[in-house]
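The values are calculated or read from the model by the stated rules, or taken from the named source; none is laboratory data. Please read these numbers as outputs of a predicted model, since none were measured by experiment. We place every Cβ from the backbone using ideal geometry, glycine too, and count neighbours over all the protein chains shown.
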């Protein structure tokens, strides 16, 4: 699987993208006009297609050959893009959860600041400015 930044990198001019997708360049221009596959622009004018765009063009061609209308294809692509965004969000949240669980076994130290606010203190350090109040919070262990 290609890394995301390479998968969406605008690499191909319209003639190359059309050849890779086995389509006519005019078809790609039409899809751009109706919003099916919108390539990036270089210098404001020249279309640049990514490997992901070429994948979408191939999928459009397959769905079209199966009798799906252009509006139906647009909806399918829109939903696939949304699923991809949501999967990326889930991956980020899983990473954050793993990180928080990795650090959950360590006790956390808090202090009361000069105005009554709670501040986190690094383990083994005293709060600045010095205060007399110090609390050690040991979270309850989760059952597994």
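Among what's in the range 1-38 and is at pLDDT 90 or above and more than 21 Å from residue 69 (Cα to Cα), pick the residue that is surrounded by the most Cβ atoms within 10 Å (Cβ to Cβ). Residue satisfying both the conditions and the ranking: 17. Annotation: residue 87 fulfils all but one of (1) farther than 24 Å from residue 26 by Cβ; (2) modelled with pLDDT under 95; the unmet one is (2). Can residue 79 be described as in contact (Cβ under 8 Å) with a residue 24 or more places away in the chain and in a helix (DSSP H, G or I)? When the stated conditions are applied, residue 79 does not pass them. Taking the range 14-50 as the range and being assigned to a loop (DSSP other than H, G, I, E, B) and closer than 23 Å to residue 73 by Cα as the test, the residues that pass are 22, 23, 24, 35, 36, 37, 38, 39, 50.
For residue 102, are the conditions met, namely being in a loop (DSSP other than H, G, I, E, B), modelled with pLDDT under 90 and surrounded by fewer than 10 Cβ atoms within 10 Å (Cβ to Cβ)?
On the way: in a loop (DSSP other than H, G, I, E, B): no; modelled with pLDDT under 90: yes; surrounded by fewer than 10 Cβ atoms within 10 Å (Cβ to Cβ): yes.
Taking the combined requirement at face value, the residue does not satisfy it.
Each residue in the range 105-127 was checked for being out of contact with any strand residue (DSSP E or B) (no Cβ under 9 Å at 6 or more places or on another chain) and either at pLDDT below 70 or at negative phi (or both), and 5 pass.
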